[in-house]
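Asks: If you scroll down you'll find the structure; I have some questions about it.
The values are calculated or read from the model by the stated rules, or taken from the named source; none is laboratory data. Not measured: the values here are computed from a predicted model. With ideal geometry, Cβ positions are generated from the backbone for all residues, glycine too; neighbour counts draw on all protein chains shown. Heavy atoms of the whole protein, side chains included, go into the accessibility calculation; ligands, DNA and RNA do not. Shrake-Rupley method; radii C 1.70, N 1.55, O 1.52, S 1.80 Å.
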Amino acid sequence: MTALPPSIIEMLKERKLATSEAQYFVQHLQMAPCDDQDGVTLIMVVFHTGKVLFDSIGRVLNDPKVKQFIIIDNGSPEKVEQRLRDLKDEYDHILLVQGQGNIGFAKAANLGAHLATQPWLVFLNPDALLQPDCTRELVKAAADQPGPCLVGARLLNPDMSEQRGARRGEVTPFTTLVSLLQLSKYVPTWGKYEIHYEDQPLPEAPAPVPTISGACFAVSRHDFSRLKGFDNNFFLHVEDIDLCWRAREMGGTVLFHPHAEVVHEGHTSRVEPVFVERNKGNGLIYYFNKRAKGKGFWRMAYVSLLGPLILAVSVTRALFRDRLRDDEDEMPL
């Protein structure tokens, strides 16, 4: 069997896996790269998503641009694991990685990128449904830009209205609090600090924004390598914000594509909301400290003051959100 690259072995060792076990999890590693210069490797990280997962997978399988489909299963119920294995056996271009446990989104997504054979990477949430030509439009827009370039899709709610998060401004401690607490409703002059742009007119063509959503975006494999992938210190959430910031710091471009669309179900995770929001809050604090490093005492003090407040607001909001029932257990084998 083809040996795993050392970088992947090191990533998996963090879960105390032997090399022989790691080889077992990626049985299709010997797949030959495609000659298509516009070929896409689509990477999906799966963890207790619910029934929408297989609707999302079905859209990917019907996309002719996707030459390789990598599914990193961070720990699904037994029935879901088996259905994913059945799909892997049915479709030659599916590469399924299972057994490593929940290593977090950033590490799992980086693992998928390490295994990619195509020149373009599209990261897609398992609760997002690709709309026609989405991946083609994303790649086309990124190909025209100097790197590193990230191109994010327009996220739609199930009612086809634009969802929050697809195009955002600069994420700082203050703008985050304004957004979390919806303070601009009470202090209209603070509307300029609102980071979400979904209420603004839709641009006619891909447009630069500070931040796009990690729910669906494209980047060349070369650019993702230059950026050194996602920061593995993020476990869940905020890793996309950090990647956008680093791309811009390197002189790259972050684009929002108004015509590359996905319907994003959102809030489908069967995980406790407090767990999700705590990780989001911790991720924001880490991100803000990372950006403030070396910027002086007052910048660090500003982050230290607002960081715990952001975490408290995030967790408090989660206390009023019900955990979704495990409809995965109702899926037929």
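Asks: So, R0 is 41 Å and r is the distance between the beta-carbons of S184 and H222; what FRET efficiency does that work out to, to 0.05? Working shown, then result.
Replies: On the way: r = 39 Å, r/R0 = 0.96.
With a Förster radius of 41 Å, E is 0.55.
Asks: What are the ³J(HN,Hα) values, in whole Hz, obtained from phi via the Karplus relation 6.51 cos²θ - 1.76 cosθ + 1.60 with θ = phi - 60°, for each residue of segment 188-204 in sequence order, with x given for Gly and Pro?
Replies: My calculation for segment 188-204 gives x, 5, 7, x, 5, 9, 6, 7, 8, 10, 5, 8, 7, x, 6, x, 7 Hz in order.
Asks: Now for a separate question. Where a Cα-Cα gap under 16 Å defines reach, which lysines qualify for K79, not counting those fewer than 8 residues away within the same chain?
Replies: Within the straight-line cut-off, K79 pairs with K51, K88.
Asks: Report the residues of segment 163-184 in range of a label on R299: point 7 Å along Cα→C-beta, backbone N strictly under 14 Å from it.
Replies: Within reach of a label on R299, which here means backbone N under 14 Å from a point 7 Å along Cα→Cβ, segment 163-184 contributes 172-173.
Asks: Right, something else. Run the simple label-point estimate for N232 and V274 please: 7 Å along Cα→C-beta, distance reported in nm.
Replies: Roughly 3.0 nm, to one decimal.
Asks: Could you work out the mean projected area of the convex hull around the alpha carbons of segment 88-144, in square nanometres to one decimal? Walk me through the numbers on the way to the answer.
Replies: Numbers: hull surface 21.2 nm².
If you wrap the Cα atoms of segment 88-144 in a convex hull and average its projections, you get 5.3 nm².
Asks: Moving on. Computing the accessible area with a 1.4 Å probe over protein heavy atoms, can you report the carbon and sulfur percentage for segment 71-209?
Replies: Values: 2930 of 5800 Å².
C and S atoms contribute 50 percent here.
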